[in-house]
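Here's the structure we're looking at; comments come further down.
A short reminder: the numbers here are calculations on the coordinates, not readings from a lab. In this text the structure is predicted, and so the values were computed from the model without any measurement. In this analysis, Cβ positions are derived from the backbone assuming ideal geometry, glycine residues included, and neighbour counts consider all displayed protein chains.
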Amino acid sequence: MSQQNLRDKSVIITGGSTEVAGAVALALAHEGVQVCLCGRQADLLEIAANKIKEIGGVCITAVSQLDSLEAAESVVEYARSTFGRIDILILASPFWAGGQIHEHSVRAWDLVLAANVREPFLMARAVLPIFREQKHGEVMAIGSDSALGIYQQDGAYGVAMHALTTLMELIRMENSEFGIRTHILSPGVALTDDIDSEGKLALTTAHVAEWVIWLLTRPAHLRGNGAVLV
């Protein structure tokens, strides 16, 4: 079975200020994908974009709070008008915050749910009509193993990861007939170094990026169902 070729495709990656998103963006650029990194911190986006440009890749950045449908649509249109196409949307969870429910910060709860559930919904809402019209597209969520269990003090983040999985499964069910695939990647804690604090081999951001490439290059008729634990 032949793998899908990613060269000359385009991707929007949200949570673009995070190390995971940066590693994924760099790996996709190595495959010839045109990258739009979207996040809240311009300086971190620029650092990631420069790494891509150093290898001869194509990367643009979009600084956005993604706090409205109009903001999401603006990012999608910016990427599509620049690249001439949109093929892939990757939703990288931007941050964690938790705590025991009886003393959980309400502000942290609202911020985590907005970043990890509302933003993915808005971006999916903005890009799915395009994917449905062109009869192809890939939507991937890079969440956490918190989506696959219940952990004390995971708080808002644990709830958000379960909700994100449900959102992705709804997208899959409603759009598979339009040639749209969904992928849910649920890694544990990903480090930048190969060795963790105990001297053991670690899951790294580069490993997560390798999984992203593997999933996106599977033959088009192979469609995932449920989260992939890494």
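A few remarks follow.
- Every residue from the range 115-174 that is on the phi > 0 side of the Ramachandran plot and of a type in the set (D, E, K, R): Lys135
- Taking the listed residues Glu119, Glu70, Glu103, the one that is surrounded by 14 or more Cβ atoms within 10 Å (Cβ to Cβ) and either in contact (Cβ under 8 Å) with a residue 12 or more places away in the chain or out of contact with any Leu (no Cβ under 6 Å at 6 or more places or on another chain) (or both) is Glu119, with no other qualifying.
- Residue match in the range 208-228 (condition: part of a helix (DSSP H, G or I), over 19 Å from Leu91 (Cβ atoms) and hydrophobic (A, V, I, L, M, F, W, C)): no
- Of the residues making up the range 53-65, those that are outside any strand (DSSP E or B), touching a Cys at 6+ places or on another chain (Cβ under 7 Å) and surrounded by 18 or more Cβ atoms within 10 Å (Cβ to Cβ) number 1.
- For the range 151-197, taking the residues that are assigned to a loop (DSSP other than H, G, I, E, B) and among the β-branched types (Val, Ile, Thr), the one that is farthest from Gly98 (Cα to Cα) is identified as Thr192.
- Hey, Phe178 closer than 30 Å to Glu77 by Cβ, surrounded by fewer than 17 Cβ atoms within 10 Å (Cβ to Cβ) and among the hydrophobic types (A, V, I, L, M, F, W, C) or not: yes
- Some residue of the range 49-66 being within 17 Å of Met140 (Cβ to Cβ) and under 15 Å from the mean Cα position of the chain (by Cα): yes
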